[in-house]
1. If the requirement is being closer than 27 Å to Met1 by Cα, of a type in the set (S, T, N, Q) and modelled with pLDDT of 95 or more, which of these qualifies: Gln82, Gln98, Gln121?
2. Taking the conditions exactly as written (among the acidic types (Asp, Glu) and at pLDDT 95 or above), does Glu105 satisfy them or not?
3. With the requirement that a residue be closer than 19 Å to Pro77 by Cβ, surrounded by 13 or more Cβ atoms within 10 Å (Cβ to Cβ) and not polar (S, T, N, Q), what does the range 149-164 give you?
4. Go through the residues of the range 177-191 one by one and say whether even a single one is surrounded by 12 or more Cβ atoms within 10 Å (Cβ to Cβ), under 13 Å from Gly11 (Cα atoms) and touching a residue at least 24 places away in the same chain (Cβ under 8 Å).
5. Check the range 149-156 and report whether any residue there is at negative phi, at pLDDT below 95 and among the hydroxyl-bearing types (Ser, Thr, Tyr).
6. Confirm whether Thr7 is polar (S, T, N, Q), in contact with a Cys (Cβ under 6 Å, 6 or more places away or on another chain) and either at pLDDT below 95 or under 21 Å from Leu116 (Cβ atoms) (or both).
7. Pairs only if they're at least six apart or on different chains, beta carbon under 6 angstrom, first in the range 1-25 and without any contact (Cβ under 8 Å) to a residue 40 or more places away in the chain, second in a strand (DSSP E or B) and of a type in the set (Val, Ile, Thr); list them, first residue then second.
8. List the helices (runs of 4 or more DSSP H) that sit entirely inside the range 1-62 and contain at least 2 residues that are among the hydroxyl-bearing types (Ser, Thr, Tyr).
Amino acid sequence: MKLCGLTGGVGMGKSTAAGFLLSHGVRVVDTDDLARRLVQPGQPALTEIANTFGAEMILTAGELNRAALASRVFADPVARQQLEAILHPRIQAGWLAQVAAWRAENCPLGCVVIPLLFETQAAAYFERIICVACSPAAQRERLAGRGWSREQIQQRIAAQWAVEKKISRADYVIWTEGNPEIHERQIEKVLQRI
C-alpha cells in the first residue's frame, strides 16, 4: 500500500482536497476528525484537558468549550504545547491504527490529512506528501468567512509553519484558488503520478 500525507495551512483547502481523494477511491483519515472524537464527553482526553486547563473548559452539557480552549491555547504557546501533549500522541495512535487496518485489507492507496504533518515530525511515515496552498489573502478571506477575528486568524496562522516551508518539503502542491474543477484536476494529476 502507498501512503500519502496531506497537509497545508489553516483554511487552505485540506478538507476539499480530501473529499476529492475520497471521490477517486482513496482511503482517507482526517486527524481533525480524530481530534474531535477524542474530546467527546466521557473521553479520557477531555478529562485531562479539564484537569490541565480548568473546569471552565467544559460546558454544562459536558462538552468541550472549544471557544474558551482556543482562546487560551492560541494566545499562549506553553498552553498550546500542553494541549498538543494531550492530543497528539492519541491522534497519531488513531491514524496509525487506521493505516494498519488499510494494510491488512491490501488497500492500494491511503491518505492521512494532518495539518501539522511537518510540525509533528510525521513526514517519515509517508511515501508522498501533498501540500494544499493558496495566497495569504485568500487564506485570510476564507478564515474571516468562518467568523474569526483578525487576531484569531493571525494566532492560528502563527501556530503553524509558514506554507512556503511546507511547500518546500512536499512532493506535490495543489493550488486551491480558482474553481473546484481546477482543484480536482490537480488531484487527478497527482493520483496519476502516485
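The values are calculated or read from the model by the stated rules, or taken from the named source; none is laboratory data. Just so we're clear, the structure is a prediction, and the values are computed from it rather than from any experiment. Glycine gets a Cβ as well: all are built from the backbone with ideal geometry, and neighbour counts include every protein chain shown.
1. Of the residues listed, the single one that is closer than 27 Å to Met1 by Cα, of a type in the set (S, T, N, Q) and modelled with pLDDT of 95 or more is Gln98.
2. yes
3. Matches in the range 149-164: Ile153, Arg156, Ile157, Ala159, Trp161.
4. Looking through the range 177-191, at least one residue is surrounded by 12 or more Cβ atoms within 10 Å (Cβ to Cβ), under 13 Å from Gly11 (Cα atoms) and touching a residue at least 24 places away in the same chain (Cβ under 8 Å).
5. Within the range 149-156 (the criterion being at negative phi, at pLDDT below 95 and among the hydroxyl-bearing types (Ser, Thr, Tyr)), the answer is yes, since at least one residue qualifies.
6. Numbers: polar (S, T, N, Q): yes; in contact with a Cys (Cβ under 6 Å, 6 or more places away or on another chain): yes; either at pLDDT below 95 or under 21 Å from Leu116 (Cβ atoms) (or both): yes.
Here the answer is yes, as Thr7 does meet what is asked.
7. Leu22/Val28
8. Correct list: 14-23, 44-53.
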